[in-house]
Structure formats: C-alpha cells, structure tokens
1. Return yes or no: is residue B:290 assigned by TED's automatic domain parsing to the domain that holds residue B:203 and at pLDDT 90 or above?
2. Is there a residue in region B:249-269 that is within 30 Å of residue A:101 (Cα to Cα), free of Cβ contacts under 8 Å to residues at least 40 places away in the same chain, assigned to a helix (DSSP H, G or I) and not assigned by TED's automatic domain parsing to the domain that holds residue B:35?
3. If we keep just the residues of region B:347-364 that are within 12 Å of residue B:179 (Cα to Cα) and in contact (Cβ under 8 Å) with a residue 12 or more places away in the chain, which is nearest to the other protein chains (Cβ to nearest Cβ)?
4. Within region A:155-162, is there a residue that is surrounded by fewer than 21 Cβ atoms within 10 Å (Cβ to Cβ) and away from chain B (no Cβ under 14 Å)?
5. With respect to residue B:281, is the statement that it is in contact with a helix residue (DSSP H, G or I) (Cβ under 9 Å, 6 or more places away or on another chain) and more than 14 Å from every other protein chain (Cβ to nearest Cβ) true?
6. Exactly one of these conditions fails for residue B:344: (1) within 14 Å of another protein chain (Cβ to nearest Cβ); (2) under 17 Å from the mean Cα position of the chain (by Cα); (3) modelled with pLDDT of 90 or more. Give me its number.
7. Conditions: (1) more than 14 Å from every other protein chain (Cβ to nearest Cβ); (2) over 22 Å from the mean Cα position of the chain (by Cα); (3) part of a helix (DSSP H, G or I). Residue A:296 meets all but one. Number of the miss?
8. Mind checking which residues of region B:288-303 are assigned to a helix (DSSP H, G or I) and touching a residue at least 40 places away in the same chain (Cβ under 8 Å)?
C-alpha cells in the first residue's frame, strides 16, 4: 500500500518534454494528487470531525439525541456558547469503567488470534497457488474471490447452520462415531474465530499470493544445490521474500476483525465482549451517541496510530534499501 | 410486536423516496415490525382509498428510535412500543393526532387505552395497534425430559439456578432487553417491577447473575428460529414471537411442540402504538391509514393473522375463537390483574440499568 502512494507522487516530472508541456504536466500532476486528497478529506476527515464533535457533546432527550447542536442562526456568539459546552467527560467515562478497556483488549486479542490462524491457513493456499501451473492460476484466483459473490451476511448465517448443536458438523461427527454428544461450538469464541478466519481468508491469501508469485524459485533450487535443507530454505528465502505480503495480509485481516460486529453478534455468545458490539449497544440500546462516538474515536486512534508508525518505518526501510 | 427473522431490517429508503417523487399525493410510507400484518390489509386499503402503501419493516425498537432521533426518515406511520414512544414524544419526534380525522377511534378498548395513556397522556400522539406480554416459550417434550413436568407455570423455572442447571444441556435463550427482563426479575422477587431504587436493581442483578451461566444467549429475535427448529428448550420472549415459533414448528412437522405461558407471578405487558412523525410528508394519508386499521373487521383480520391481542374492543366479536379464547393471547381477568407495565427510565436509572445489564450479559 505504501508503495503505491509513493509511486504516484513523482510520476509527473518528465524532463525531456518542451517548456509548455512541463507546465501542463505539472498541473495534471497536481490535479492527480488532489483527487486522493479530496477523497480522504470528504470521506474520511469530515465524517471523523463530525464524530469527534459529537463525542464532546452530552446526551439529551431530543432530536438528534445530544447537545449542543450547531445552530447557525444563533450567530458567532451562539456558536461560541456551543463550543464552551464541549467537554472531554465522555473520554473520562471510558477510562472510568473497566468494561470499555476490557472490550478493547478482548477485541485486539480475538483479532490477533484470528489473524494468526488466517496466516497459518492462508500461506499454504497462497503458496500452492503461486506454484501451480500458470494456466491454472487464474482459475484458482477466481475460486478465492468467488465467495464474494454471495452476501457476507448470508455466508456468516450459513455457519450457524453448520455449527449449531444439531447442525451439519455435529451430525457428521456423530455419524462417523468420533463423538456421541453434540459439541457446543456455536455461541462460543471458537465460532467467532472460525467466522473471522473464514470471512477474511481471501484478504490474507491475495497479498500473499501476489508476493509469492513474484518470487524467483531458482533461489530455492540454488539453496538446495548448496545443501540447504527445504525447511531452512523456506525460513531463509521464501519467508523473508513473502514478508510484504504477510504484513499486508495481516493488516487487512487484523484491522477489520478488531472492529467486527456482525460475526460476534451472529456466531458469538453473549459473554463475548468486542468493541464493535459495545459501540452498537451504546449507540442503539443506550441512545448514548456521545459515548459511542468517543469509543469510535479511540478505536480509530488505536488502529491508525500504529499503522502510521508502521508506514513510516516501511518508507524508511525502502529509502535505505535504494 | 417483534415478529422478526434475524436481521430482517431491510431498509428500502431509496425506493420510498423514488415512490414519493412519482406519486406525490396518494402515498403513505409505513414502517412496522417485520411479519406484523396480513398483506391483504394493505391491498384492501389501497383499493378502498386509492392511497398506495410503501411498507417497510424493522425488528427492534432501538433501530426505529435511532432513525427517528436522527430525523428525516421519510416515514408517515411508525409503530414504537410504549416506553420508547414516551421518550420519543418527549424528544419531539411525533405530531399530535388529529382526532377529527379518526372517527373509528370510538372502536378502541378503554382497558388498553387507560394503560397506554401512562406512556402517552390522553393518547394524544398514538393509538394502539397490538399488545402482548413477555413470558416463557418452551419446547414441551424437551422440558418434560429435562424437568419431568408437563407444563411450566412459574418464573421459578427460569430464575431458580437449580432448575436452570437442568436446562443447561438443552439450551435457554433470553431477550436482550433490560427493560423487559429486569422488571420481570423484580416481579419474581416480589418487588415493585417498576422500581428505580438502586438497591432493588442490584437485587435483580444478583438474581440474574446467579442464572447467567446457564443462559446460552441473550438475543431478541433469534429465539423464534431456535425454538421452532428444536435447537433450544426454553426462551424468555414476547408472546407473538413464541406463537410464530409454534406455528413454524407445526408446519415443519418435525415433532417439535412449542407452548407459551404467562407465569402465575405475572408478566410485563407492552403496547405497540401507531404514531405519525412530526416531519411526515403525507399527514392526511397517515391519518387515513390509522383510521382504516381501527375498523373492527381490519383489526380482527390483523389479530387473526399475527396472533396478538389488539386494543380494539369492537373487533373482538369478529376474532377467531382460537385467538379470543386463548388465555395466552387474551388473558382472563385473574391473569390480567397480575400483568404489569413499566414506564421509561430517567437517564440516570437508564445508565444504571444498562451497566447492570452489560455486567449480566457479558458475565463480567
């Protein structure tokens, strides 16, 4: 991801074109940069600021259910009065109650475990795809993307039918004689892991595949010729070369999994505490838009700040690599 | 109320706007609970009045309330439940009904109207659509196997840890609705169900925590399918939902038999009310629709279809025997006397209740 953003910026400086051409090229170059920035500004920064503003308000029985709301007719002094009503109380409330901290921690733990299993399962799949004959690869790629043709919600719902006490999995296991009492999987953490790993596996496989596909397999042959055993060749050559894919895949799974709401709601039990569900509860059941906004702001900071550090580190590493 | 199939909140707002753009005058946008009306009522209404009905459904009061509070929903008639309605009136969500446009209001049942006036003083903003109770739905055969009884008649089955332990294997679901479960727990303890005293709420919390390990899931709609498929043996849920599960189980004919009971200690009574949002664009059509629903034959048809009692006295003569004579739908006077209602909580109590509830549900 970092590579693409870096690549777009310097593309607009062709030195060999005539004077007028450079001027035009510079202008189009600017315009090209403006589009992603405008996108970010309108679709990310503005909504974020609105959410942040609500997080500084207080709940009220009104439409919308918080105060103060900006009333432009009140003029500048009115706006100033509104500003003075803002407070960080909602953020203090979050630290006050272990519920929120527990929910954040448990979300991160669940997301991390799920990401680990997605990597464990996704890597062999991606490796197999990358080593398959070139003619078969498009078909395999298609198969990975195919589940997206059905609604995400329906696919998660289908797991209820598979995992429930009298579902397909238990019927099968009882039929084979492996167990004689149905396993309670639905409404447990296990069901959530299964749901997340299943749903996000394509996001792990695709970046891994693109990294592994580029790999030069004569490197492995060379290692073997020099007497390196296959396992050690994997760790010394394949793994480091797949690293960009691993990192991208893990981020693509970890970040959405942390804020996941649908999977814990449908497959998880009530004892599962995840921040997405807590946020939903605050917003819908408790009608506490300000507190739920504060929860969302913290969640965003938790995910974005490490990402920024990571991007910076990666950019630095790339600079040094050149 | 809440006749829901999972996340069936199919919100077709876009189509509503499309419709209202084309047929500017003769349309009414109705937002009601899922599976909560006989479709032929809507067709007959259009035939009689020439007003087209754009019908959309939700499956939880919370979803409805959030949309209403955000404003600009485009709906002309909505159906919130009592306590939610009361708070929404306070927030200024609704407009007063023009009683002159509702001649059929004379058909309404004073017993229900007296109760609903506790949420909506003088019934100025709403009229009753359906009402019901929050009781126990169970799988007759599985309960026989687990507890050795033919029928359940007390909340003890749910609130006594010993009994719940026996039900752990076959599965118990409970509504994820603190404003229903906490008052019920208070009623079982012999306390005032509508108590705001923190000490009382703590007692209810302790009781619920003692049975928490044996509740497989807190959810407000999944129990319909779970009961009907025989996945669980008991659910604390809304009367009509359990009847729906009963009917589905009977249709599937897999030997699952579901029963519903209002326990002897009493149960919470709730009311779903027809109301018109303040920013509704088709106010006259909305009144016409509400007036049509209050026709005795229409109200009877609706109840015969959804298996809920309605607040329409005149419709009772036209109800099916199996609806009117079912004490689980129209309770007898003795049971009626034991039913209770709860009023909306003030923000402070609300926070306390939510906090308690999160503790109970998450088992933290």
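The values are calculated or read from the model by the stated rules, or taken from the named source; none is laboratory data. These figures come from a predicted structure and were not determined experimentally. Using ideal geometry, Cβ is built from the backbone for each residue, glycine included, and neighbour counts are taken over all protein chains shown.
1. no
2. Checked against the condition, which is being within 30 Å of residue A:101 (Cα to Cα), free of Cβ contacts under 8 Å to residues at least 40 places away in the same chain, assigned to a helix (DSSP H, G or I) and not assigned by TED's automatic domain parsing to the domain that holds residue B:35, region B:249-269 yields no hits at all.
3. Ranking the qualifying residues of region B:347-364, first place goes to B:354.
4. No, region A:155-162 contains no residue that is surrounded by fewer than 21 Cβ atoms within 10 Å (Cβ to Cβ) and away from chain B (no Cβ under 14 Å).
5. Yes, satisfied.
6. Of the numbered conditions (1) within 14 Å of another protein chain (Cβ to nearest Cβ); (2) under 17 Å from the mean Cα position of the chain (by Cα); (3) modelled with pLDDT of 90 or more, the odd one out for residue B:344 is (3).
7. Result: residue A:296 fails condition (2) only.
8. Within region B:288-303, B:288, B:289, B:290, B:291, B:292, B:293, B:296, B:298, B:299, B:301, B:302, B:303 meet the criteria.
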